[in-house]
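S.K.: The structure is given below, and queries will be raised subsequently.
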Ligand code: MG
């Protein structure tokens, strides 16, 4: 029972707009548009936060960090992840590994996968070998495919200890 694996899944999507920096997984991405959001719009870290909360049975990001709260306006989403990791560790859980899919038609994220994995690993205090990042286009389909937004899906494992 004590070594039982728990899993959590997270998903997020944000709209791409002009005059915003594009930040994914805490890494600044070179692109002419960025993600709109109450916070920094980092869809990767929001999906990660929800996956961690889900695995621990602690609800969701909107309950903990409401976007009606000015405290989280332009918030650095890395701080939200660190806060949640602290709560999870306080509850006796340790993340095992993280697998991330970034759904983006543009920009091409090939060169950013490793920096994003390094950034996420640092935020959750795990080695980079425990964090995997994939980037996929949406084959031109839907809001991701027509470049209106960037989405992210994350799964994490937690064990006790
Ligand atoms: Mg979000």
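S.K.: Taking each pair of different alpha-carbon atoms in the stretch 4-160 once, compute 1/r for the pair, average those values, and report the inverse of that mean as the Kirkwood hydrodynamic radius in Å to one decimal. Intermediate values should be presented prior to the final figure.
M.R.: Numbers: mean 1/r = 0.0649 Å⁻¹.
Taking the inverse mean of 1/r over all distinct Cα pairs, the stretch 4-160 comes out at 15.4 Å.
S.K.: Using only Cα atoms, find the angle between the long axis of helix 113-124 and the longest principal axis of the chain, and express it within 0 to 90 degrees, rounded to the nearest 10.
M.R.: 40 degrees
S.K.: List the relative contact order of the stretch 4-160 as a percent without decimals, with contacts defined as Cα pairs under 8 Å and 6+ residues apart. Please report the intermediate quantities before stating the final value.
M.R.: Numbers: 357 pairs, mean separation 53.0, N = 157.
Worked out over the stretch 4-160, it gives 34 percent.
S.K.: Expressed as an acute angle from 0 to 90° and rounded to the nearest 10, what is the orientation of the C-alpha long axis of helix 43-56 relative to the principal long axis of the chain?
M.R.: 20 degrees
S.K.: By how many degrees, between 0 and 90 and to the nearest 10, does the Cα long axis of helix 77-90 differ from the longest principal axis of the chain?
M.R.: Taking Cα atoms only, the helix is inclined about 10 degrees.
S.K.: Right, something else. Stretched out fully, how many nm does the piece from residue 69 to residue 5 gain, at 0.36 nm a residue minus the Cα gap?
M.R.: Details: separation 64, 0.36 × 64 = 23.04 nm, distance 3.37 nm.
So the extension gain works out to 19.7 nm.
S.K.: For residue 125 and residue 76 in the same chain, what is the full-extension length gain: residue separation times 0.36 nm, less their Cα-Cα distance, in nm?
M.R.: On the way: separation 49, 0.36 × 49 = 17.64 nm, distance 1.72 nm.
Full extension from residue 125 to residue 76 adds 15.9 nm.
No value in this document is a laboratory result; all are computed from the given coordinates. Treat the numbers as computed from the prediction; the structure is a model and nothing was measured.
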